[in-house]
Amino acid sequence: MLRGLTLILLVVLAGLQYRLWVGPGSYAEVKALEARIERSEASNSRLQVRNHLLEQEVLDLKESTGSIEARARRDLGMVREGETFYLIAED
C-alpha cells in the first residue's frame, strides 16, 4: 500500500515538474515572453519619441511659414526672388 502511494506521488511530482520546466506555461516560456515584452516596450518607447518629434514638426509647419521656407530651401533648393544662389564645391 505504501509502495503504491509512493509510486503515485512520484508520478504526480514528475508530471508537475514536466509542466514547470517544459510544458505550456513553463518557466522557460514565461522568461521568453518577458524578454519579448521588454523588447516591445523598448521599441514602443523609441516610436513614441519619434511620433512626438513628428508631431512637433507638423505643428511647426502649420503655424510658421519660416519652417516651410527653410524646408523648401533645404529639400527643394528653392531661392527667394532676387536672391542669388551660390554653390561652393569642395575638392
Which ³J(HN,Hα) values in Hz, rounded to whole numbers, follow from the phi angles of region 8-20 under the Karplus curve 6.51 cos²θ - 1.76 cosθ + 1.60, where θ = phi - 60° and Gly and Pro get x?
5, 4, 5, 5, 4, 4, 5, x, 5, 5, 4, 5, 5
Quick one, can you get me the convex hull of the C-alpha atoms of region 29-75 expressed as volume per residue in Å³?
65 Å³
Given a 1.4 angstrom probe, I'd like the percentage of the accessible area of the chain that is carbon and sulfur, rounded to a whole number.
61 percent
For region 45-56, just list the computed ³J(HN,Hα) in residue order, Karplus coefficients 6.51, -1.76 and 1.60, θ = phi - 60°, integers in Hz, with x standing in for Gly and Pro.
4, 4, 5, 5, 4, 4, 4, 4, 5, 5, 4, 5
Calculated FRET efficiency, Leu59 and Arg80, Cβ-Cβ r, R0 22 Å, to nearest 0.05?
0.35
Most mobile listed residue (Glu34, Glu81, Glu69) in the chain, GNM with C-alpha springs under 10 Å:
Glu81
Each label sits 7 Å from Cα toward the beta-carbon; between Ile37 and Trp21 the label points are separated, in nm, by 2.5 nm
Per residue, in Å², the accessible surface of the chain once ligands and nucleic acids are set aside, probe 1.4 Å:
96 Å²
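Counting helices only, and only those DSSP H runs with n ≥ 4, report the 222 nm mean residue ellipticity of the chain as the sum of -39,500 (n - 2.57) divided by its residues, in deg cm²/dmol to the nearest 500.
Details: 3 runs with 69 residues, N = 91.
Helix-only estimate at 222 nm: -26500 deg cm²/dmol.
The values are calculated or read from the model by the stated rules, or taken from the named source; none is laboratory data. All values derive from a computational prediction rather than experimental measurement. Counting neighbours? That spans all protein chains shown, and the Cβs are built from the backbone with ideal geometry, glycine included. Please note that ligands, DNA and RNA were not included when accessible areas were found on the heavy atoms of the full protein model with its side chains. Shrake-Rupley method; radii C 1.70, N 1.55, O 1.52, S 1.80 Å.
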